[in-house]
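Student: Please find one structure pasted underneath; my questions will follow.
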Amino acid sequence: MNKAMAEATDSAGGYAVPTEDAGEIMRLIRARSAVMRMGPRVVPVAKELDVTSFATGSAAYYVAENAAIPTSEPTLAQRALLRPRELAALVPVSNRLLRDAAGSSDLESVIRDDLAEVLALRTDLAFLQGIGTGGEPLGIRNQPGLTPGPDLGTDGGTPDFDDFKNLVAGLRAANAPFQQPGWIFNPRTINTLERLKDSTGRYLADAGLLTFGATGGGGTLLGFPFATSTQIPTTITTGTSNDTSYVIFSSDWSEAWVGENESLRIELSDQATYTPDGGATFVSAFQNRQTLFRATVCHDLALRRPNLFSTLTGVRP
């Protein structure tokens, strides 16, 4: 990134950040995204990825000795699984700051971390609860075919130990393979978990059923890894409650597919014009002696087997 900063400007459209630096930012994005930390399967996608599956399967029969075995014929179905959508960020930086900080790793780190933070947060928001319109992916919570989670009541409620056990049990009852299980929830839920007791009256942490990683943003719950994300809100209205959240659990996060049309691309320009307020006003980077950093990534998310995912909704503190 320093090479781009030192050269500052370019009338042909801007210098791209060197590949190795863009790759480092992409790794930061994935490290800060709760969904990406769970290990979804990342696949390259051009325009669209269609998946062929069995609509109806074969059948087996008990037959008498020397009797003919009835035939059966599976049928196939195909559906669009991934259609990558573009996520972008635009950061204006003063040219004087770039000149004064040329060769400084501090400014490079600040811009890299800022881009990683904003793209990771927006990625999580879309992958967790995107509505599938307006150019954003359809989030896990809104995918059809999820295994229903426990019912916390019309107005939601504070989940207990049994609710979390039942969330896991629901997937076991669906014959879900526990290949890569894990949870995602808002950090507020940790406080709820710390107050829960197991069937013998011990706090989950004392019983080894709740552990925390070194960074505090993850750990294990009931033996399965968890990641937290502030992109899961705590202000969802459920009945008369306006302080509810939700928990996502999957028995196999590799069945969440992230399709990438283009990995992270970062470009710089001091010739462009940008709008800070959605089109009401426009600012010339050239006139204001600024350089624009534009970061783009093109991706989508889909659940190949949505029945391996379940949500606990109406979660109160």
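Student: In vacuo Debye scattering of the range 241-317, one point per C-alpha: log10 I(q)/I(0) at q = 0.24 Å⁻¹?
Tutor: Log-scaled intensity ratios, in q order: -1.07.
Student: Scan around ALA227 for amide H atoms under 5 Å from its own, H built in the peptide plane at 1.01 Å from N, and keep only partners 5 or more places away or cross-chain.
Tutor: Residues meeting the amide H criterion: TRP183, ILE184, PHE185.
Student: Further, regarding this structure: Mind checking the angle between helix 105-129 and the chain's longest principal axis? C-alpha axes, 0 to 90 degrees, to the nearest 10.
Tutor: Long axis of 105-129 versus the principal axis of the chain: about 30 degrees.
Student: Please list, in chain and number order, the residues 5+ apart from LEU82 or on another chain whose amide H is under 5 Å from its amide H, with Hs placed from the backbone.
Tutor: LEU49
Student: Run through all the Cα pairs of the chain and give the fraction in each 20 Å bin from 0, expressed as whole percent.
Tutor: Values per bin, smallest distances first: 27, 47, 23, 3, 0.
Student: How would you rank PHE282, PHE224, going from fewest to most other Cβ atoms within 10 Å of each one's own Cβ?
Tutor: Least crowded to most crowded, the residues run PHE282, PHE224.
Student: A further question follows. Angle between the Cα long axis of helix 19-32 and the longest principal axis of the chain, 0 to 90 degrees, nearest 10?
Tutor: Taking the Cα atoms of the chain, the angle to 19-32 is about 40 degrees.
Student: Going by the alpha-carbon gyration tensor, a ≥ b ≥ c the square roots of its eigenvalues, is the range 219-283 rounded (a/c under 1.5) or, if a/c is not under 1.5, prolate (a/b greater than b/c) versus oblate?
Tutor: Judged from the Cα gyration tensor, the range 219-283 comes out oblate (a/c at least 1.5, b/c at or above a/b).
Student: Using a/c under 1.5 as the rounded threshold, could you call the range 163-238 rounded, prolate or oblate? The axes a ≥ b ≥ c are square roots of the C-alpha gyration tensor eigenvalues, and prolate needs a/b larger than b/c, oblate otherwise.
Tutor: rounded
Read-outs throughout are calculated quantities, based only on the coordinates presented, and are distinct from any laboratory measurement. Values in this document were obtained by computation on a predicted structure and should not be read as measured data. Virtual Cβ from ideal backbone geometry, glycine too; neighbours counted across all protein chains shown.
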